[in-house]
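So the structure is just underneath, and the comments pick up after that.
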């Protein structure tokens, strides 16, 4: 990976990812001293550099622990770390035990404040390759044709704490740090193109409302409670974002199958000084897919790390996730509107049919972090981190974020020098005249950290227009000092109507069920009635369905007059076919299975950039006739939620196998079985006529049958059997 310290990738990645170490451990404790083990082949660390951005020719190991022997923090070797220094074996611990005090004191200070929002995250290293399409509209070097720029991407949930589950219904953060040759550019977005609020001054309000109730600190990482719905039903500019959260977009199948949006409108400036307004989009190569609500709930209990595990496993397996970066381009007019849509209103979206997304490059994530805390936890994003050719607009939410992000990094990372942390260091030299402060790791020279000066020879000098300097566009600004919003911001429902009208019938049904569940968790009837009143502004049938599910009448008053709403097919997740890279195929087998057929199929699945998981009644290996196949899961450790399709190549009189099949069938997964697996399928009550269920003669044929179903993500034709 350009600009990283990633080790070369193994030519034969493991069939099943997840090995915790680069080597297999011994049964007994190792006693022969040796240097620390290197990172795994799929891992990368930040580029070795000085605190001021100068690259250092050193391997990744140079940034990690050193030496074969345990030492103090000062480098003195230790002979024992299991016993405190005492006055005799049964005597009191001595105050002079520096090792005890150093070890315990450091442990007591290992935690730092977690993020107020986006605390739960996962990240990866990668590279962005520009295709040159943006060169005409932006002079930033990272968009030059053929230019490859290292990136670090952090995905996250918004509401939950660091220990919450990955699969909760929530907005996801999608933040990308570009280490460009002109400085760091942070594109700090979400998986939803609109936001709850129009002005940054309301951010504490929406987060206070959505977080757990302050008296009981429940519910964790959920919006299904009174304070959230009290706020969003009174503050109706939140309606569009709330609707997106209640849709399938609120429970993505994987970070790899999630769209990203810059949310705000940005200004791009080209080499001639001409400007356009743009909205950024990340389009996943694998398509946009989601969990079913039951899957999300099961995963929160049995595998709360599902999304971060999925991302890491895909990279380790060589199924590198990819996204195209695109822009919607708008004229930079004085009104800053497009087709009647206010581009400064972050609660509005512009349909892609009106402004197509133009692809300007592709991002590939190809390495996992070597250390979660040093990289994923300490990375500091900021929408104010821009490079030449990219500028902000007057979006009032964006303007508020420009203050908040800097302030929160200082609080969370202990001072103003967070840019010197390895994961945050620019890949260009810095000369910022900032000095001292907590955790200062640079050793500055000179005597004149001020401008103008002559004692340091006038350095640092100001850049000219030809020196690739930041461009602050000279936008004309006028107006009275007021606390007010433009009249166009009063439209709180058009984007919500557009989104809902664009969904397929099954997606609309999921929205209705989500509202019914969330509001059903609220205590106050008044809040439920208010929410149904708001839904009547979107769609009368949606409001009626939710009201019926809540056991409420439609609130008094006339229905919203019929508004003609255009449809944007790009907003629906259904209807397309997508690559199957990284999909997970479960195969239930035992010693009675044709193991040669099984082994060949496992290799075939791996060769197609998918992950085979052999499931058996026991762990270890399946072995017969000289053929051995490693077992990846047992019936104790597998659930349908982690599988995209299921092959049954044997039968077991076990309720856990029946549960696995019934869940897979109910969750619309492709199922294929061999003659040896027929009894298990029948025992689960799955009819031969069910859509997406195939009887085959071999394991290989069974995989072929389900592989044909995978491009559509689920067997949607089966949904009628379950009203899914």
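So which residues in segment 545-560 are in contact with a helix residue (DSSP H, G or I) (Cβ under 8 Å, 6 or more places away or on another chain) and either surrounded by 15 or more Cβ atoms within 10 Å (Cβ to Cβ) or assigned to a helix (DSSP H, G or I) (or both)?
545, 546, 547, 549, 550, 552, 554, 555, 560
Could you list, in sequence order, the residues of segment 681-692 that are in a loop (DSSP other than H, G, I, E, B), over 26 Å from residue 291 (Cβ atoms) and either at pLDDT 95 or above or out of contact with any strand residue (DSSP E or B) (no Cβ under 8 Å at 6 or more places or on another chain) (or both)?
689
Out of all the residues in segment 166-184, is one or more part of a strand (DSSP E or B), in the same structural domain as residue 405 (by TED's automatic domain parsing) and on the phi > 0 side of the Ramachandran plot?
Looking through segment 166-184, at least one residue is part of a strand (DSSP E or B), in the same structural domain as residue 405 (by TED's automatic domain parsing) and on the phi > 0 side of the Ramachandran plot.
Please enumerate the residues belonging to segment 188-218 that are crowded, with 16+ Cβ neighbours inside 10 Å, in contact with a helix residue (DSSP H, G or I) (Cβ under 7 Å, 6 or more places away or on another chain) and touching a residue at least 60 places away in the same chain (Cβ under 8 Å).
Passing the criteria: 191, 192, 194, 195, 196, 197, 198, 199, 200, 203.
Scan segment 533-544 and report the pairs whose first residue is part of a helix (DSSP H, G or I) and whose second residue is modelled with pLDDT under 95, with Cβ atoms within less than 6 Å and a gap of 6+ or a chain change.
The qualifying pairs are 533/555; 540/559.
If I filter segment 665-680 down to residues being surrounded by fewer than 24 Cβ atoms within 10 Å (Cβ to Cβ) and part of a helix (DSSP H, G or I), which single residue comes out as nearest to the chain's Cα centre (by Cα)?
Checked segment 665-680; the qualifying residue nearest to the chain's Cα centre (by Cα) is 666.
Among the residues of segment 101-116, what is the count of those that are part of a loop (DSSP other than H, G, I, E, B) and either on the phi > 0 side of the Ramachandran plot or surrounded by 10 or more Cβ atoms within 10 Å (Cβ to Cβ) (or both)?
Counting residues in segment 101-116 that are part of a loop (DSSP other than H, G, I, E, B) and either on the phi > 0 side of the Ramachandran plot or surrounded by 10 or more Cβ atoms within 10 Å (Cβ to Cβ) (or both) gives 6.
For residue 611, indicate whether it is in contact with a strand residue (DSSP E or B) (Cβ under 9 Å, 6 or more places away or on another chain), surrounded by 15 or more Cβ atoms within 10 Å (Cβ to Cβ) and at negative phi.
yes
Test residue 352 against the criterion of being touching a residue at least 12 places away in the same chain (Cβ under 8 Å), assigned by TED's automatic domain parsing to the domain that holds residue 243, surrounded by fewer than 22 Cβ atoms within 10 Å (Cβ to Cβ) and in a loop (DSSP other than H, G, I, E, B), and give yes or no.
Spelling it out, residue 352 is indeed touching a residue at least 12 places away in the same chain (Cβ under 8 Å), assigned by TED's automatic domain parsing to the domain that holds residue 243, surrounded by fewer than 22 Cβ atoms within 10 Å (Cβ to Cβ) and in a loop (DSSP other than H, G, I, E, B).
Quick check on residue 345: is it over 30 Å from residue 475 (Cβ atoms) and surrounded by 20 or more Cβ atoms within 10 Å (Cβ to Cβ)?
So residue 345 fails the test.
Of 224, 296, 238, which residue is touching a helix residue (DSSP H, G or I) at 6+ places or on another chain (Cβ under 6 Å), at pLDDT 95 or above and under 30 Å from residue 718 (Cα atoms)?
Step by step, each of 224, 296, 238 is checked, and only 224 is touching a helix residue (DSSP H, G or I) at 6+ places or on another chain (Cβ under 6 Å), at pLDDT 95 or above and under 30 Å from residue 718 (Cα atoms).
For segment 388-406, how many residues meet the condition of being closer than 30 Å to residue 445 by Cβ and within 24 Å of the chain's Cα centre (by Cα)?
Looking only at that region, the number is 1.
Farther than 28 Å from residue 314 by Cα, outside any strand (DSSP E or B), within 35 Å of the chain's Cα centre (by Cα) and modelled with pLDDT under 95, is that true of residue 720?
Against the criterion (farther than 28 Å from residue 314 by Cα, outside any strand (DSSP E or B), within 35 Å of the chain's Cα centre (by Cα) and modelled with pLDDT under 95), residue 720 qualifies.
What about residue 20, is it within 24 Å of residue 318 (Cα to Cα), free of Cβ contacts under 8 Å to residues at least 40 places away in the same chain and surrounded by 14 or more Cβ atoms within 10 Å (Cβ to Cβ)?
no
Conditions (1) at pLDDT below 95; (2) under 30 Å from residue 537 (Cβ atoms); (3) touching a helix residue (DSSP H, G or I) at 6+ places or on another chain (Cβ under 7 Å), marked per residue:
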{"residue": "590", "(1), (2), (3)": "no, no, no"}
{"residue": "597", "(1), (2), (3)": "no, no, yes"}
{"residue": "610", "(1), (2), (3)": "yes, no, no"}
{"residue": "624", "(1), (2), (3)": "yes, no, yes"}
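Looking at 278, 263, can you tell me which residue is touching a residue at least 40 places away in the same chain (Cβ under 8 Å) and assigned to a loop (DSSP other than H, G, I, E, B)?
Step by step, each of 278, 263 is checked, and only 263 is touching a residue at least 40 places away in the same chain (Cβ under 8 Å) and assigned to a loop (DSSP other than H, G, I, E, B).
Against the definition (surrounded by fewer than 19 Cβ atoms within 10 Å (Cβ to Cβ) and either assigned by TED's automatic domain parsing to the domain that holds residue 303 or touching a residue at least 24 places away in the same chain (Cβ under 8 Å) (or both)), how does residue 637 come out, yes or no?
no
Right, residue 241: part of a helix (DSSP H, G or I), more than 24 Å from residue 583 (Cβ to Cβ) and within 19 Å of the chain's Cα centre (by Cα) or not?
yes
Residues checked against (1) assigned by TED's automatic domain parsing to the domain that holds residue 275; (2) closer than 30 Å to residue 446 by Cβ; (3) modelled with pLDDT of 95 or more:
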| residue | (1), (2), (3) |
| --- | --- |
| 465 | no, yes, no |
| 499 | no, no, yes |
| 515 | no, no, yes |
| 521 | no, no, yes |
| 524 | no, no, yes |
| 540 | no, no, yes |
| 555 | no, no, no |
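State all residues of segment 55-80 that are farther than 24 Å from residue 180 by Cβ and not in a loop (DSSP other than H, G, I, E, B); if no residue qualifies, say none.
61, 62, 71, 77
Given the conditions (1) touching a strand residue (DSSP E or B) at 6+ places or on another chain (Cβ under 7 Å); (2) not in a helix (DSSP H, G or I), which single one is not true for residue 476?
Unmet for residue 476, out of (1) touching a strand residue (DSSP E or B) at 6+ places or on another chain (Cβ under 7 Å); (2) not in a helix (DSSP H, G or I): (1).
Of all residues in segment 432-450, which are surrounded by 12 or more Cβ atoms within 10 Å (Cβ to Cβ) and within 12 Å of residue 416 (Cβ to Cβ)?
Of everything in segment 432-450, those that are surrounded by 12 or more Cβ atoms within 10 Å (Cβ to Cβ) and within 12 Å of residue 416 (Cβ to Cβ) turn out to be 434, 437, 439, 440.
Kindly check whether there is at least one residue in segment 559-578 that is out of contact with any strand residue (DSSP E or B) (no Cβ under 6 Å at 6 or more places or on another chain) and at positive phi.
yes
Select from segment 83-132 the residues that are in contact with a helix residue (DSSP H, G or I) (Cβ under 6 Å, 6 or more places away or on another chain) and free of Cβ contacts under 8 Å to residues at least 60 places away in the same chain and list them in ascending order.
Of everything in segment 83-132, just one residue is in contact with a helix residue (DSSP H, G or I) (Cβ under 6 Å, 6 or more places away or on another chain) and free of Cβ contacts under 8 Å to residues at least 60 places away in the same chain, namely 84.
Could you grab me the full set of residues in segment 317-332 that are modelled with pLDDT of 95 or more and part of a loop (DSSP other than H, G, I, E, B)?
Listed by number, the residues that qualify are 320, 321, 332.
In segment 508-527, what residues are touching a residue at least 60 places away in the same chain (Cβ under 8 Å), in a helix (DSSP H, G or I) and crowded, with 19+ Cβ neighbours inside 10 Å?
510, 511, 514, 515, 518, 519, 527
Any residue at all in segment 375-390 that's out of contact with any strand residue (DSSP E or B) (no Cβ under 7 Å at 6 or more places or on another chain), modelled with pLDDT of 95 or more, surrounded by fewer than 21 Cβ atoms within 10 Å (Cβ to Cβ) and not in a loop (DSSP other than H, G, I, E, B)?
There is no residue in segment 375-390 that is out of contact with any strand residue (DSSP E or B) (no Cβ under 7 Å at 6 or more places or on another chain), modelled with pLDDT of 95 or more, surrounded by fewer than 21 Cβ atoms within 10 Å (Cβ to Cβ) and not in a loop (DSSP other than H, G, I, E, B).
The values are calculated or read from the model by the stated rules, or taken from the named source; none is laboratory data. Values in this document were obtained by computation on a predicted structure and should not be read as measured data. Because the Cβ atoms are built from the backbone with ideal geometry, glycine has one as well, and the counts that use them run over all protein chains shown.
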